[in-house]
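Asker: This is the structure I want to talk about, given as structure tokens.
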Amino acid sequence: MNSSFEIVEALKLARKLVDRTSEGKLPWDADGVLRNIVGPPTDLLGATAFFTTLEGNLKAKVSISKLGQDEQLALSLVEVDPRRHDGNDLISIAGNESLNPDKEVLSVSVEKDPSFGFDTVSEKQLAELLIDLYKLARRSALKIDGSVERALSYLDRIAV
């Protein structure tokens, strides 16, 4: 359950992420997906989450997941400890806990289309923004615009 404060903060963040991504100023990468072994490394299979790095160690992530019949949209902002991701992670005596964990700054999730409607107008606005952000991030990570442009260029050349 998200607090109203978290929803408001997520709305601000999502708006800026949508703006910067649509302007082409913010590149995204696919997160936690299998790469097609046969094809080129840009062929990503099953990408449902995308991330971008903001100012050094801040990472934003947008994702969509299925929970039964419902789809859940999520946005998170995490402050990553650079030492943890450079292979020099400090491991506790037990061996399974990092002494330098990533710090979750913001994490919200909303249903894409709740059967009983949204609880607040802000939640509805956030869901709409996250849908847009997810689509933009996916296009950026999978380099869809470049692929479409190459296809159009090729079709123009063979039409002559």
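The values are calculated or read from the model by the stated rules, or taken from the named source; none is laboratory data. Treat the numbers as computed from the prediction; the structure is a model and nothing was measured. Cβ placement follows ideal geometry from the backbone for every residue including glycine, while neighbour counts extend to all protein chains displayed.
Asker: How about segment 100-141: which of its residues are of a type in the set (S, T, N, Q) and not in a strand (DSSP E or B)?
Answerer: Asn100, Ser115, Thr120, Ser122, Gln125, Ser140
Asker: Quick one: how many residues across segment 117-160 are closer than 17 Å to Asn2 by Cβ and β-branched (Val, Ile, Thr)?
Answerer: 3
Asker: Right, here's the next one. Give me the residue from segment 1-35 that is among the aliphatic types (A, V, I, L, M) and at pLDDT below 80 and, out of that set, farthest from Val110 (Cα to Cα).
Answerer: By that ranking, first place goes to Leu34.
Asker: Looking only at segment 36-83, how many residues end up being outside any loop (DSSP other than H, G, I, E, B), modelled with pLDDT under 85 and touching a Leu at 6+ places or on another chain (Cβ under 8 Å)?
Answerer: Here the count works out to 3.
Asker: To continue, here is another question. Just name the residue that is nearest to Val62 (Cα to Cα) out of those in segment 102-160 that are polar (S, T, N, Q) and over 18 Å from the mean Cα position of the chain (by Cα).
Answerer: For segment 102-160, the residue satisfying everything is Ser122.
This table checks each residue for (1) touching a Phe, Trp or Tyr at 6+ places or on another chain (Cβ under 9 Å); (2) loosely packed, with under 15 Cβ neighbours inside 10 Å; (3) modelled with pLDDT under 95.
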residue	(1), (2), (3)
Val105	no, yes, yes
Ser109	no, no, yes
Asp113	no, yes, yes
Phe116	no, yes, yes
Ser122	no, no, yes
Leu130	no, no, no
Arg138	yes, no, yes
Ala141	yes, no, yes
Ile144	no, yes, yes
